[in-house]
1. Take every Cα pair under 8 Å in the range 36-196 that's 6+ residues apart, average their separations, divide by the length, and report that relative contact order as a whole percent.
2. Among Asp63, Asp90, which comes first, second and so on when ranked by fewest other beta-carbon atoms within 10 Å?
3. Considering only DSSP beta bridges with both partners in the range 36-196, what is the antiparallel share in %, to the nearest 5?
4. Could you tell me what a quarter of the Cα convex hull surface of the range 36-196 works out to, in nm² with one decimal place?
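What follows draws every value from the coordinates through simple rules; no lab data is involved. Keep in mind it's a predicted model, so treat the numbers as computed, not measured. FYI the Cβ positions are ideal-geometry reconstructions off the backbone, even for glycines, and counts take in every protein chain you see.
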Amino acid sequence: MNELLQKHEEKGRKTMPNQNRRAFLKLGLGAFVGAMLPWEAVASTLKGFDTRRSLSFYNTHTDERLEVCYFDGTGYRPQALDQINHILRDHRTDSTKEIDTNLLDLLFTLKCRISPRDPFHVISGYRSPQSNEFLRRHSSGVAEKSFHTKGKAIDIRLPGYNTAQLRNLCIKMNAGGVGYYSRSDFVHIDVGPVRTW
């Protein structure tokens, strides 16, 4: 049996072009990643396909833009993380919080899957407890212990990309919470437990 498998592998090596072999390996890796726990899957994708990680944001409330490499292949870049913390700050109180790097890696993985031309449009990043309570009192669908207050959630949209499809892709990634707000045309993603609404 082992000899038969070895002969089959050798034959495959001779006949399978490099491009087909790469596609086959990616397919196999995709199946393997899908069977893993959510954050193991994201981490595996990042290790396998990229050394530098960059993100682009447009804050819809402050009109600020940022394009930054936040991971340089050896580690997270503190100055870049500070820039991200700033653009994702609570625009109501002008307060910042460290944004969880798992959330950034989730956004980067999402970016790799859809290759958007435009930056992520940020509806809400970090939210201070005061802002969160204000929103809870004046609107619906705001959690009392929101992941926004922990720097672990973001509300986004992508111009030219259907928001319902964006929601579906985020759900398939199975890496945290996904909320869909069709009236306001944005998707909430967080790095909490896997759940949808």
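1. Here the relative contact order equals 19 percent.
2. Asp63, Asp90
3. 80 percent
4. 8.9 nm²
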